[in-house]
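The values are calculated or read from the model by the stated rules, or taken from the named source; none is laboratory data. A quick note: this is a predicted structure, and the numbers were derived from the prediction, not measured. Here the Cβ positions follow ideal geometry from the backbone for every residue, glycine too, while neighbour counts run over all protein chains shown.
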Ligand code: SF4
């Protein structure tokens, strides 16, 4: 019944509506998405598909920061000009669909960190870099200070660019993506330090350690990816000896160092899809996504790296019912659950996002 309601509303709305779906959504929700991808792909698609033409609404089946990013890109000054000033409204089917990692870095705490750093080092030597999994305010923080945003797919290219601009990176909110990227680049561990948000002073560091650092990592993490442990590799290899281990860079460094391959959601999907029949993979990332690639690749053995798979509960807040509930308000001209970023924040966040989109 819900599928029927959605399908008929979609055909009535035609090109006026674009539904974007993140890989971590339920299958039944993704069945209605016009485009499916990871954060990076969806950011790019939101910018491109809404550039001109007749799109009035994007329903974003994902989490809050993704809908904010879509709003900023879809309603950039150049896109607005192309559409004669007409906005594209971005809709999130459940306003509680947030990201616990993004919530671990708030603007005030990052600003306080920046001010504390300014007191002991030359702040012009520090470039702020934010993972795209962050609030629009933090993207604006970076945009205003010559910084940039990154995704799990282009973090290395972004870090290389950032270190060509300035001596140090302050990276938030995901410590694991930051550490994994820096280690891959050959930056010694002693130059990679953690800024612990609960500590009252200097993130629990002393001035000398900060002066010697190249990479300062906010201590946020993804509760889904951090659950994978190095011991899971031993457990799975006992059961499937020839299995290849592939993990997301939001996982812990000790796990990443032992994995056969590391990459973004898009990379994992491509790598497994293109692998020969008969191959065996243990995947360290979100459970709904792993279940789906297993169903789509029945000629291969694909299992979750942990016997207790990790599901992102906030991604799971977007249900078929909530998606269906968005259509009547759109068709009666009173769309609900609109995500609209403050104009000034959007302007500065766009600077960081556009730089991110240029780096592959
Ligand atoms: S999987 Fe982790 S990083 Fe992604 S939305 Fe869920 S909590 Fe946030």
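How many of the residues in region 208-233 are in a helix (DSSP H, G or I) and under 30 Å from residue 120 (Cα atoms)?
So in region 208-233, the residues in a helix (DSSP H, G or I) come out as 208-212, 230-233.
Among the residues that remain, those that are also under 30 Å from residue 120 (Cα atoms) are: 208-212.
Here the count works out to 5.
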Q. Of all residues in region 157-184, how many are touching a residue at least 24 places away in the same chain (Cβ under 8 Å) and more than 16 Å from the ligand (Cβ to nearest atom)?
A. 16
Q.
Looking at residue 51 and the list (1) in contact with a helix residue (DSSP H, G or I) (Cβ under 6 Å, 6 or more places away or on another chain); (2) surrounded by 17 or more Cβ atoms within 10 Å (Cβ to Cβ), which single condition is not satisfied?
A. (2)
Q | 3 or more residues within 16 Å of the ligand (Cβ to nearest atom): qualifying helices (runs of 4 or more DSSP H) within region 24-135 | A | 39-49, 64-74, 100-103
Q | From the options 322, 288, residue that is more than 16 Å from residue 32 (Cα to Cα) and at pLDDT 95 or above | A | 288
Q. Does residue 148 satisfy being touching a strand residue (DSSP E or B) at 6+ places or on another chain (Cβ under 6 Å), surrounded by 24 or more Cβ atoms within 10 Å (Cβ to Cβ), over 13 Å from residue 216 (Cβ atoms) and not assigned by TED's automatic domain parsing to the domain that holds residue 40?
A. yes
Q.
For region 185-196, check the following and say yes or no: at least one residue is within 17 Å of residue 105 (Cα to Cα), under 24 Å from the mean Cα position of the chain (by Cα), surrounded by fewer than 17 Cβ atoms within 10 Å (Cβ to Cβ) and without any contact (Cβ under 8 Å) to a residue 60 or more places away in the chain.
A. yes
Q: Give just the number: which of (1) in contact with a strand residue (DSSP E or B) (Cβ under 6 Å, 6 or more places away or on another chain); (2) surrounded by 16 or more Cβ atoms within 10 Å (Cβ to Cβ); (3) not assigned by TED's automatic domain parsing to the domain that holds residue 146 does residue 214 not satisfy?
A: (3)
Q.
Can you confirm whether residue 236 is assigned to a helix (DSSP H, G or I) and on the phi < 0 side of the Ramachandran plot?
A. yes
